[in-house]
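Please read the structure below before turning to the comments.
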Amino acid sequence: MNNLLKKISELTLENLLKEYPIAEDYLANIRLSGISREKTFADALADVSEDSLEEFGLTREEAVEHLCSFLAAFENDSTAGKRNITSLTILGGHNKSKIPETAELTIYQGEIISIVGPTGSGKSRLLEDIECLAQRDTPTGRQILINGSVPDEEWRFSTGGKLVAQLSQNMNFVMDLTVREFLVMHAKSRLVSNVDEVAEKCFACANGLAGEKFTKDTKVTQLSGGQSRALMIADTALMSSSPIILIDEIENAGIDRRKAIELLAGNEKIILMSTHDPLLALRGDKRIVISNGGIAKIIETTDAERSSLFRIEKIDNVLQDMRNKLRFGESITEDMIPNLEN
């Protein structure tokens, strides 16, 4: 806090905004967007009438302290997820029949773990246990450790800068913002210094994942399910500081799944994904098999399974090509279907 107050006192407002773009929103909220950027915030406030500040219950001195507190809150949130997280451990609880889970799994930075099992078996429940860093206090009785230890209360219940980012099956936006406004807002809230550059990169990445392209001026409320998922995957990969990523059934999103996983895995994060898709399941280092609400077994992906990915991808590409032809009103002919007899 003292270091932040020192920066506010010494930096010109222009330089302060470069380091903390979110401060622009603070100025707008108290109607000070037009004050001089060439002075420090305190010096610029000297040109502001006391009546203007009184409308918001502030004196000049309080406005400086208020800005400091505002930036400190975002600074704490943006750095909370950047702690050195090297491993996540799942300690077994029990299944729906109260039979104890004997499995114990430690997942390390850079690993991808797939979660497989029938619909309704409990895959999403495992993701929820990890998201809330369960401590034997959920219906499954599981416990989650971070770096081999019980996570502290701040890690479990922080509302910002969370350790865990989750991409769920259903994503619905409620803010009437354009895609660009949404990305800029996220970049500012995460104290990204090069806001426009990161927002542009994130937009291009999202369009590379989406089956159907969209523009920066498209309202987020108008995005399809696949486009929304593509946007949030790009946002999570390029802007989120959360070291643990949970993905629930990405294959239903209408996006390039392989690109999405490669993008998320490229930042040395811990990734767990619930899936029915063999193409995704076999891309994991291990897979957790869920049955009757419990962890039934943990299987390490073999070299033979990885080598089969090439053939699975060929089949998947044929199916994807057929889907695209159907979407655009074309017919499916017999010669498009591969010969699987061999």
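The values are calculated or read from the model by the stated rules, or taken from the named source; none is laboratory data. In this text, all values refer to a predicted model and were calculated from it rather than measured experimentally. Please note: Cβ atoms are built from the backbone with ideal geometry, for glycine as well, and neighbour counts cover all protein chains shown. Accessible surface areas use protein heavy atoms only, side chains included; no ligands, DNA or RNA. Shrake-Rupley method; radii C 1.70, N 1.55, O 1.52, S 1.80 Å.
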Within the range 1-29, restricting to residues that are under 31 Å from the mean Cα position of the chain (by Cα) and part of a loop (DSSP other than H, G, I, E, B), the one that is farthest from C68 (Cα to Cα) is P21
When you check L279 against the structure, is it surrounded by fewer than 18 Cβ atoms within 10 Å (Cβ to Cβ) and either touching a residue at least 60 places away in the same chain (Cβ under 8 Å) or within 21 Å of S121 (Cα to Cα) (or both), yes or no?
yes
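Taking strands (runs of 3 or more DSSP E) that fall entirely within the range 259-342, which contain at least 3 residues that are among the β-branched types (V, I, T)? Spell out the reasoning first.
Details: elements: 270-274, 286-291, 294-300.
Qualifying strands (runs of 3 or more DSSP E): 286-291, 294-300.
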Residue that is modelled with the highest pLDDT [pool: residues in the range 151-182 that are within 30 Å of T89 (Cβ to Cβ), part of a loop (DSSP other than H, G, I, E, B) and open to solvent by 90 Å² or more (accessible area, probe 1.4 Å)]:
N170
So D43 fits all but one of (1) modelled with pLDDT of 85 or more; (2) in contact with a Phe, Trp or Tyr (Cβ under 9 Å, 6 or more places away or on another chain); (3) in a helix (DSSP H, G or I); what number is the exception?
(2)
Residues that are open to solvent by less than 50 Å² (accessible area, probe 1.4 Å) and in contact (Cβ under 8 Å) with a residue 40 or more places away in the chain, drawn from the range 3-53
L4, I8, Y20, P21, I22, A23, Y26
Among the candidates K98, K6, residue that is modelled with pLDDT of 90 or more and either out of contact with any strand residue (DSSP E or B) (no Cβ under 7 Å at 6 or more places or on another chain) or under 30 Å from E249 (Cα atoms) (or both)
K98
Unique match (being modelled with pLDDT of 85 or more and out of contact with any strand residue (DSSP E or B) (no Cβ under 8 Å at 6 or more places or on another chain)) among R306, R257
R306
The range 183-204: number of residues that are open to solvent by 30 Å² or more (accessible area, probe 1.4 Å) and assigned to a helix (DSSP H, G or I)
9
Among (1) small (G, A, S); (2) open to solvent by 30 Å² or more (accessible area, probe 1.4 Å); (3) within 15 Å of I288 (Cβ to Cβ), which single condition is G120 missing?
(3)
Residue tally, condition surrounded by 21 or more Cβ atoms within 10 Å (Cβ to Cβ) and either of a type outside the set (A, V, I, L, M) or under 18 Å from the mean Cα position of the chain (by Cα) (or both), over the range 128-142
5
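This table checks each residue for (1) in contact (Cβ under 8 Å) with a residue 40 or more places away in the chain; (2) open to solvent by 80 Å² or more (accessible area, probe 1.4 Å); (3) touching a Leu at 6+ places or on another chain (Cβ under 9 Å); (4) hydrophobic (A, V, I, L, M, F, W, C).
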position	(1), (2), (3), (4)
N292	yes, no, no, no
K297	yes, yes, no, no
R311	no, yes, no, no
K314	no, yes, no, no
Scan (1) at pLDDT 85 or above; (2) open to solvent by 10 Å² or more (accessible area, probe 1.4 Å); (3) touching a strand residue (DSSP E or B) at 6+ places or on another chain (Cβ under 9 Å) for the single condition A265 breaks and write down its number.
(1)
May I ask you to list the residues in the range 208-226 that are buried (at least 20 other Cβ atoms within 10 Å of the Cβ) and either more than 16 Å from N324 (Cα to Cα) or under 12 Å from the mean Cα position of the chain (by Cα) (or both)?
F214, V220, L223
